[in-house]
Amino acid sequence: MTAPPPDPRIQRAPSLKRALISLAAALAIPLVALQIWWGYHDYEKARERAETDALAQADATSLGVLQFFSQAEQLLTSTAEQFGPDGLTSVFCDQHMARITDLLPFLVNVVVVGPDGDVLCSQVEITGRVSATSWSWWAEVRANPVFTIGRPAESDITSGWVLPIIAPQTDRAGEFAAALVGTVDLVGLDQYFGTVNLPEDHLITVATADRIVIARSRDAATRVGRSLPPQYGSDREVGPGRSVAAGPDLAGIQRTWGQIEVPQGWIIYAGVREEAVYGPALQETLRHLAITLLVVLIAFLLAGHSYRDIAGALTELGNRTRDIARGEPVVVPIKTPSEVAEVFERFNETIVSREQAQRREQEARARYKTIFDNVVFGLYLSTSDGRFLEVNSALATMLGYESPAALLPVGTHALYASGEERGRLVQHTLSSGEVPPSEVDWLCADGRPITVRLSGKLILGQDDEPLLEMIVQDITEERRTEHELRQTQKMDAMGQLAGGIAHDFNNLLTVIGGNVELLEDDIPPDDPLRRDLAEISRATKRATSLTRRLLTFSSKQRRGDQVADANEIISGLRKLLIPLIGEDVALETDLGGGPFPIAIDPGELEQVVLNLVLNARDALPRGGTIRITTAASDRDAEEGVLGMALSVTDDGVGMAPEIRQRIFEPFFTTKPMGRGTGLGLSTVYGIVMRAGGSMEVETQAGEGTAMRIWLPRTQFELSETEPEANLVEGGHETILVVEDEAQVMELVRRTLSESGYRVVTATDGVAALDVFQACQPPVQLVLTDVVMPHLGGPELADKLDLIAPDVPVLFMSGYVENRSLSEALEQEPDLLLRKPFSPNELRARVRRILDLAAVARPGSPP
C-alpha cells in the first residue's frame with residue numbers, strides 16, 4: 001500500500017485545553033447515562049418485585065378461597081346427605097338447627113328449601129311464606145341438582161349482601177327433592193380468605209366475573225355488592241388466568257395489581273401501593289447520580305494535571321500514522337485530535353467502502369444463484385459454439401434429465417431438432433448483438449420433441465468471449481391448445497354453413513318429395529311415369545340423407561336417441577359392406593359377448609361403421625384385411641361408467657403425421673376430386689362426441705390404421721323398431737298453417753285439404769294471430785314453421801297459449817336452434833314434424849295430435 005501525501009491540516013490541531021475538555025465530557029456523559037440507566041433498571045426491578053408480590057398475595061388469597069369453599073362444600077353437603085331429602089322438612093330447624101349452627105359457624109343463616117321452592121324453615125326467623133323460586137340460583141339447581149355457589153345478592157331474610165351456598169338432595173329418580181342452603185355474609189367473608197393480617201400497603205379485592213365485589217380486605221361494608229369501575233383490568237397477561245396491571249384503587253391510590261381467576265369464575269385483585277415499592281428505588285437512584293456527578297467534577301480537576309500524559313498520547317498517535325505507509329491497517333484511538341482523526345476516518349471509510357462493495361457483490365451473486373436455481377423457466381449460459389457453462393434445474397426437468405449436471409455435457413447441438421435452425425439463430429445473434437425471440441423445436445432426453453420459446457441476450461465473458469444468456473419456455477401445450485382452438489373455431493364455422501345449407505335444402509326436399517308422392521297417388525300403377533317418379537324419389541331420399549349428415553355434422557340436428565345393440569347393427573351391416581369393399585379385401589368381425597346396449601340412433605351407428613369401413617377400404621389399394629371388433633370396456637369403472645370398445649383396423653398404407661392431424665376437419669380429404677366429400681370422419685367424430693364417447697386414432701405410414709371408439713353403455717332396454725306409418729284418414733277440423741316458404745305452404749295446404757281438413761294460412765306469426773282470432777269455426781290445430789320473419793314459431797306458441805291454451809301447436813322444421821324449444825321438444829317429440837316429410841307423414845302426425853288433444857281437452861290442457 002502506498003503512503004498518501006502529507007496533509008497540511010494536521011499541523012493546525014486544536015488547543016490542548018479543548019482536547020482535555022472533550023475528554024472529560026466524553027467521560028462524564030457515559031457515567032451519567034449509566035447511572036440513569038441503572039436507576040431505571042432498579043425501577044424495573046422494583047416493579048417486577050411488586051408484580052411478583054401482588055401475584056403471590058393473589059395466589060395466597062385464591063388458595064384461601066379454594067380451601068374455604070372446599071370445606072364449605074364438604075360440611076354443607078355431608079350435613080345435607082346425613083339428613084337426606086326425607087329429613088329436610090319443616091321441622092328440621094326446630095330439631096337440628098342448633099347443631100347445624102355449631103357445624104357451620106361461618107354461615108349467617110341456614111334455610112331448608114322444599115321441592116316446590118318454598119322455604120320450609122330458616123335459622124333466622126321469617127314471617128309469612130318465602131319462596132326461593134325468585135332467587136338467582138333456583139333455576140340452575142332445580143335443573144342440575146349438584147352443589148352450587150350462587151351469585152352474590154341482597155338477602156330477603158337477613159340484611160346486607162350474602163353469598164348463597166346450596167347443597168341439593170335428589171329423590172330416587174335423580175330429580176330435585178330439597179336443598180340445604182347456607183348464606184355467608186360478604187362483609188366478613190375476607191376473614192376466611194386469609195386477608196386479615198395483610199400489610200398496610202396491600203389491598204385484596206374479590207369480584208365475580210361480572211365485576212361485582214364480594215369480598216374486600218378494607219372498607220368491605222361500603223364496597224361489597226358494588227361494581228368495579230372500568231379501569232380495573234389486566235394490562236399484561238403473564239399466564240393462563242393470570243395478569244398484572246398498574247392503576248388507582250377505588251380510593252385513588254396508585255397500586256401495582258396482580259389478578260388471578262379462580263375456578264368459581266371469580267377474579268382476585270391483589271394490589272401493592274406504588275409509593276412503598278418505588279420510593280426506595282428513586283432515593284437510591286438520586287444518591288448514585290450525586291456520587292457520579294462528584295466523580296465527574298473530580299475528573300475535570302484531574303484533567304488539568306494530565307497534560308503530559310495526553311501530550312504523550314498524541315505523540316504516540318503521530319507515530320502510529322506511519323503504519324499507513326507500510327500498508328498496515330490502523331485503528332483510530334478514541335481520544336484523537338480532530339485533524340488526525342479526519343485522516344484516520346477517511347482511511348477507514350475507504351476500507352469500509354471496500355468491504356461493503358465486496359459484501360454487496362457476494363449478496364448479488366447469492367441472489368442470482370437463488371433465482372437461477374428456483375425460477376420456473378429454463379435458464380442456461382452457453383458459448384457460441386454450443387458448450388453449456390450453466391444450466392438450471394427447471395431446464396433439466398423440462399428436457400427430462402435427472403439433474404443440471406447430467407445436462408451440462410450435452411450441449412445445445414443435441415437439443416435442436418434442426419441443426420440449421422440453431423446455426424441461423426447463433427449467426428444472427430453474433431452479427432446483430434441481440435437474441436431474437438424465437439420458437440424452435442427441441443428434443444428431450446428420450447427423443448420426445450417439444451416446442452420452446454427462446455429469448456435472451458448476448459454478454460461478454462472473460463477475454464471478451466461472446467456468451468449466450470438464454471431463457472427457455474416450454475410452449476408445447478400452449479401451441480397444442482391454440483391448434484385445438486383453431487380446429488374448434490373452424491368446425492363451428494363450417495357447422496354454421498352446413499346448417500344453413502341443410503335448412504334450405506330441407507324446404508326444397510319437402511316440396512320435391514311431397515309433390516312426387518302426390519303425383520304417385522294420382523297416376524295409375526302401370527303408368528310409365530311412375531318409373532321416373534321413383535328415380536326422383538330415390539334421389540330425394542339420397543339428398544335427404546346428405547342433409548341429415550350435414551345437420552349431424554353441424555350439431556344442428558340430433559336424431560332421437562334410441563337404445564341399440566351395437567353387435568346386432570354390425571352383423572346386419574355385414575351383407576351390405578362385403579360388396580362395397582370389393583373382392584380383394586377381406587372383412588373380419590370379432591364381436592364380443594353381447595348384447596351391447598348403446599344410447600344412440602341406430603342409423604347414426606350404421607353411419608359410423610359404414611364411414612370407417614369405407615375409409616379403411618380406400619387405404620387398401622392392393623387389397624388387404626379390414627377387421628371390426630367389439631368388446632366390453634371398463635375404462636371408467638372406478639367412476640361407475642362401463643362402456644363398449646369398437647375398433648375398425650386395416651393393414652393398409654396408414655397416414656403421415658401431418659395427415660393424421662387434419663382427418664377430422666370438415667371437407668378435408670386426400671381422395672381425388674369427385675371421390676370424397678371430406679365429411680365422413682368429421683360426421684363420425686360428431687356422432688361419437690354427442691353419444692358421450694371418445695375416439696382415438698393409431699396410425700403410421702406403411703403400417704395400417706386403427707380407429708378406436710369408446711361408447712358408454714346404457715341401463716335402458718333395447719328399443720324396438722317402429723313400423724312405418726300407413727295411410728291415414730283425414731278429418732274435418734280447422735287447421736291454421738303458418739309457413740313463410742310459399743312452396744312448402746302450398747304442399748301442406750293441398751295435402752291437408754285433400755284429406756278433408758279446413759285449412760287457413762298465414763306467412764308469419766303476426767298474421768297468424770290475426771287469422772287465429774278471426775277464424776270461424778275456431779282453429780283446432782296450429783301447424784307452424786319455427787323460423788319466420790316478424791314473429792317465429794316458439795313466440796307464436798307462447799302468445800297462443802295465453803289466448804287458447806287448449807289448442808295444440810305442431811312445429812315443423814329441419815332443425816331447431818331455439819334452446820328452450822329444443823329442450824321442450826325432447827320431452828314431447830311428437831310436437832315436432834321434421835323436414836323433409838312426406839304427405840303421409842304429415843297426415844299421420846296431424847291426425848295423432850288432433851286425437852290426443854280431443855282426449856285431453858275435458859281435463860287439463862295438453
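Each reported figure results from applying straightforward, stated rules to the coordinates on display, with no laboratory input. Computed from a prediction, not measured in an experiment: that's the story for all the values here. Cβ coordinates were reconstructed from backbone atoms using ideal geometry, including for glycine residues, and neighbour counts include every protein chain displayed.
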Inset, instruction - Please turn the phi angles of segment 53-58 into ³J(HN,Hα) values with the Karplus equation 6.51 cos²θ - 1.76 cosθ + 1.60 (θ = phi - 60°), one per residue in order, whole Hz, x for glycine and proline. - result: 4, 4, 5, 5, 5, 5
Legend entry - Centroid-to-centroid separation of segment 198-217 and segment 645-661 [C-alpha atoms, Å]: 94
Inset, instruction - Provide the FRET efficiency to the nearest 0.05 for the Glu746-Leu642 pair, computing r from the beta carbons and using R0 = 56 Å. - result: 0.60
Legend entry - For segment 571-650, share of DSSP beta bridges that run antiparallel, in % to the nearest 5: 55
Legend entry - Net charge dipole size for segment 48-153 [Lys, Arg +1 and Asp, Glu -1 on Cβ; Debye, nearest 20]: 220
Inset, instruction - Evaluate the distance, in nm, between pseudo-label points positioned 7 Å from the Cα of Ala139 and of Ile578 along their respective Cα→Cβ axes. - result: 9.4
Inset, instruction - Would you mind getting me the FRET efficiency between Gln462 and Ser438? Use the beta-carbon distance for r and R0 = 30 Å, nearest 0.05. - result: 0.65
Inset, instruction - Would you work out which of Val771, Gly793, Val744 lies farthest towards the positive end of the dipole of segment 730-803, given +1 charges on the beta-carbon of Lys and Arg and -1 on that of Asp and Glu, about the Cα centre? - result: Val771
Inset, instruction - Would you mind calculating the gained length between Arg660 and Asp851 on full extension (0.36 nm times residue separation, minus the Cα-Cα distance), in nm to one decimal? - result: 63.4 nm
Legend entry - Within straight-line cross-link reach of Lys671, aspartates and glutamates at Cα separation under 17 Å, skipping those fewer than 8 residues along the same chain: Asp618, Glu658
Legend entry - Computed lengthening from Asp830 to Thr397, 0.36 nm per intervening residue step minus Cα-Cα distance: 149.9 nm
Legend entry - Rough spin-label spacing in nm, given labels placed 7 Å along Cα→Cβ, for Ala26 and His732: 13.3
Inset, instruction - With r as the distance between the Cβ atoms of Ala406 and Arg365 and R0 = 25 Å, compute the FRET efficiency 1/(1 + (r/R0)^6) and round to 0.05. - result: 0.55
Inset, instruction - Using label points projected 7 Å from each Cα along Cα→Cβ, tell me how many nm separate Glu154 and Arg538, to one decimal. - result: 11.6
Legend entry - Full-stretch length increase - Arg99, Leu301 - with 0.36 nm per residue and alpha-carbon distance subtracted: 64.1 nm
Inset, instruction - Note down the net charge around Arg531, summing +1 for each Lys or Arg and -1 for each Asp or Glu among other residues with Cβ under 12 Å from its Cβ. - result: -3
Legend entry - Cα centroid separation - segment 246-273 against segment 153-167, whole Å: 25
